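The values are calculated or read from the model by the stated rules, or taken from the named source; none is laboratory data. Owing to the predicted nature of the structure, the values given are computational and were not obtained by experimental measurement. Backbone-built Cβ (ideal geometry, glycine too); neighbour counts: all protein chains shown.
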Amino acid sequence: MKKLLSMLLILVMVMSVFAGCSNNADGDDAKSGSTVDIGIVLPTKEEPRWVQDETRFKDALKDTDYNVEILFSQGDSAREKQNVETLIAKGIKILIITPHDGAAAAAAVEAAKEEGITVISYDRLVTNTDAVDYYVTFNSVSVGAAQGQYLVDQLNGATGEKLYLYAGAATDNNAFLFFEGAWAVLQPKIADGTFEVQNSTKAVEYMNKATLTREEMGDIIEQITTDWKPEVAKSKAESHITAAPPAGNTFILAPNDGTARSIYDQFSKEEGLTIYVTGQDAEKPSIQYVIEGKQSMSVLKDVRDLVKGAIATAIDTLEGKTVETNGSYDNGKVDVKAKDIKVITVTQENVKATIIESGYYEASEFTGLE
Ligand code: BGC
């Protein structure tokens with residue numbers, strides 16, 4: 001009898017350890033119950049952009065009956081694959097994933113697909129696989145176009161204006177889309193001598209080409225990539241400043257807010273410059289920079305809309321309804337049906353209307369707002 005009791009006790013202990021496992025993952029969001037309906041895998045906690053996506057997902061999902069769990073991959077494709085496997089083991093029916101590396105994530109989503117899970121690429125496209133059902137995204141070509149247009153709008157008729165180009169990570173399909181959008185606007189002004197590219201021999205080589213092939217874009221991106229890392233952007237900016245010193249008006253295509261701030265911080269150490277530098281994401285520290293006239297613009301990609309689009313896609317699928325899409329993206333293997341979401345340019349002039357009055361952030365989170 002005593003033996004039976006102690007065996008029972010051990011059994012109860014083992015079971016409670018297993019139950020505890022479902023609650024110990026990063027950012028675990030699962031509601032009570034052992035299975036998870038929707039698994040979300042985000043690329044890294046190291047950038048405010050993705051922490052914001054987590055927060056906005058949590059806000060939007062507060063009142064749903066579905067169990068949801070959010071995991072972060074910390075910029076590591078192996079960890080990402082593990083995250084997907086963890087979620088598969090928990091019985092997810094929908095996987096929402098922002099890949100760290102678009103091509104490397106193919107294996108992870110294929111494993112999910114084999115289990116009959118619906119795969120939604122979120123913001124970044126998983127490439128070279130037919131295992132992606134939907135892509136919910138901002139229109140990334142238009143993000144790049146907004147950045148390029150901002151720089152063009154600051155021209156005042158002079159020629160030979162110094163232009164420094166930077167791009168995101170070559171493993172992120174978005175880096176190509178952003179660059180494609182920016183190039184379409186900047187190229188005519190490079191070709192006619194208004195801008196002189198300072199830091200990419202490949203961009204100079206292709207300056208008369210209105211449209212670039214993916215390979216040509218890859219050649220340029222390879223020279224100007226920041227890998228999406230502020231510290232890489234910083235050291236590249238330092239060496240570009242030495243190799244091709246800026247003077248007077250300085251135009252900088254920076255791909256996102258994190259890199260924009262660190263590139264600005266380097267260039268602003270030089271005397272006598274008027275710096276025009278782009279960004280995207282409307283990260284709080286960059287909104288502060290825009291208010292202070294440091295970073296010139298950002299692109300507001302309203303994460304609330306992206307989250308809404310992803311959740312609607314997930315829930316329509318779970319409930320057997322037709323998913324509404326309004327676009328499609330070639331991922332190298334198939335055309336993936338997409339929900340394409342609009343973006344807004346933020347400058348010092350409209351920051352109050354676009355960011356505060358829209359309810360995106362609170363005025364109290366910033367200083368110097370008039
Ligand atoms: C996203 C950007 C983000 C960048 C770096 C891109 O795929 O679209 O919003 O700034 O990745 O994380």
> Can we say residue 218 is touching a Gly at 6+ places or on another chain (Cβ under 7 Å) and of a type outside the set (Val, Ile, Thr)?
Replying inline: no
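Restricting to the range 132-147, count the residues that are among the charged types (D, E, K, R) and either over 26 Å from residue 308 (Cα atoms) or part of a helix (DSSP H, G or I) (or both). Before you say what the answer is, go through the steps one by one.
Of the residues in the range 132-147, the ones among the charged types (D, E, K, R) are 133.
Applying the additional criterion that residues be either over 26 Å from residue 308 (Cα atoms) or part of a helix (DSSP H, G or I) (or both) yields none.
Result for the range 132-147: 0.
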> Which strands (runs of 3 or more DSSP E) does the range 261-333 wholly contain that include 2 or more residues that are under 23 Å from residue 152 (Cα atoms)?
Replying inline: 274-277, 297-300
>> Checking residue 233 against (1) farther than 23 Å from residue 47 by Cβ; (2) within 15 Å of the ligand (Cβ to nearest atom), only one condition comes out false. Which one?
In response: (1)
> With respect to residue 217, is the statement that it is among the hydrophobic types (A, V, I, L, M, F, W, C), assigned to a helix (DSSP H, G or I) and modelled with pLDDT of 95 or more true?
Replying inline: yes
> If residue 288 satisfies every condition in (1) outside the structural domain of residue 221 (by TED's automatic domain parsing); (2) more than 14 Å from the ligand (Cβ to nearest atom) but one, which is the exception?
Replying inline: (1)
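Inspect the range 32-55 for any residue being in a loop (DSSP other than H, G, I, E, B), at pLDDT 95 or above and away from the ligand (no atom under 14 Å from the Cβ) and give the result as yes or no.
There is at least one residue in the range 32-55 that is in a loop (DSSP other than H, G, I, E, B), at pLDDT 95 or above and away from the ligand (no atom under 14 Å from the Cβ).
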> When the range 148-178 is examined, which residues are found to be outside any loop (DSSP other than H, G, I, E, B) and within 12 Å of the ligand (Cβ to nearest atom)?
Replying inline: 167, 173, 174, 175, 176, 177, 178
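Determine if the range 120-139 includes at least one residue that is within 30 Å of residue 249 (Cα to Cα) and either surrounded by fewer than 24 Cβ atoms within 10 Å (Cβ to Cβ) or not assigned by TED's automatic domain parsing to the domain that holds residue 281 (or both). Before the answer, list the steps.
Taking the range 120-139 as the starting set, the residues that turn out to be within 30 Å of residue 249 (Cα to Cα) are 139.
Then keep just the ones that are either surrounded by fewer than 24 Cβ atoms within 10 Å (Cβ to Cβ) or not assigned by TED's automatic domain parsing to the domain that holds residue 281 (or both); that gives 139.
Yes, the range 120-139 contains a residue that is within 30 Å of residue 249 (Cα to Cα) and either surrounded by fewer than 24 Cβ atoms within 10 Å (Cβ to Cβ) or not assigned by TED's automatic domain parsing to the domain that holds residue 281 (or both).
Kindly indicate whether residue 337 is in contact (Cβ under 8 Å) with a residue 12 or more places away in the chain and not assigned by TED's automatic domain parsing to the domain that holds residue 220. First the steps, then the outcome.
Values: in contact (Cβ under 8 Å) with a residue 12 or more places away in the chain: yes; not assigned by TED's automatic domain parsing to the domain that holds residue 220: yes.
Taking the combined requirement at face value, the residue satisfies it.
For the subset of the range 179-197 comprising residues that are more than 16 Å from the ligand (Cβ to nearest atom) and surrounded by 21 or more Cβ atoms within 10 Å (Cβ to Cβ), which member is nearest to residue 332 (Cα to Cα)? Break it down into steps so the answer makes sense when it comes.
The first filter runs over the range 179-197 and keeps only residues more than 16 Å from the ligand (Cβ to nearest atom), leaving 183-197.
Going one step further and asking which of them are surrounded by 21 or more Cβ atoms within 10 Å (Cβ to Cβ), we end up with 183, 186, 195, 197.
On the way: 183: 21, 186: 26, 195: 33, 197: 30 Å.
Across the range 179-197, the extreme among qualifying residues is 183.
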> Taking the stated definitions as given, is residue 241 assigned to a helix (DSSP H, G or I), more than 28 Å from residue 141 (Cβ to Cβ) and among the hydrophobic types (A, V, I, L, M, F, W, C)?
Replying inline: yes
> Which numbered condition trips up residue 290, out of (1) at pLDDT 95 or above; (2) over 20 Å from residue 254 (Cβ atoms)?
Replying inline: (2)
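So which residues in the range 334-346 are closer than 20 Å to residue 48 by Cβ and not in a loop (DSSP other than H, G, I, E, B)?
Within the range 334-346, 341, 344, 345, 346 qualify.
Please work out if residue 126 is within 15 Å of the ligand (Cβ to nearest atom) and either modelled with pLDDT under 95 or assigned to a helix (DSSP H, G or I) (or both).
no
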>> Among the residues of the range 246-285, what is the count of those that are over 22 Å from residue 222 (Cβ atoms) and within 16 Å of the ligand (Cβ to nearest atom)?
In response: 8
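A quick yes/no check of all residues on (1) free of Cβ contacts under 8 Å to residues at least 40 places away in the same chain; (2) over 24 Å from residue 140 (Cβ atoms); (3) more than 21 Å from the chain's Cα centre (by Cα):
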residue	(1), (2), (3)
314	no, no, no
318	no, yes, yes
324	yes, no, yes
354	no, no, no
360	no, no, no
365	no, yes, yes
369	no, yes, yes
>> Quick check on my filter: what residues within the range 255-301 are crowded, with 22+ Cβ neighbours inside 10 Å and among the β-branched types (Val, Ile, Thr)?
In response: 259, 263, 277, 278, 287, 290, 299
> Is it true that residue 87 is surrounded by 24 or more Cβ atoms within 10 Å (Cβ to Cβ) and in a loop (DSSP other than H, G, I, E, B)?
Replying inline: no
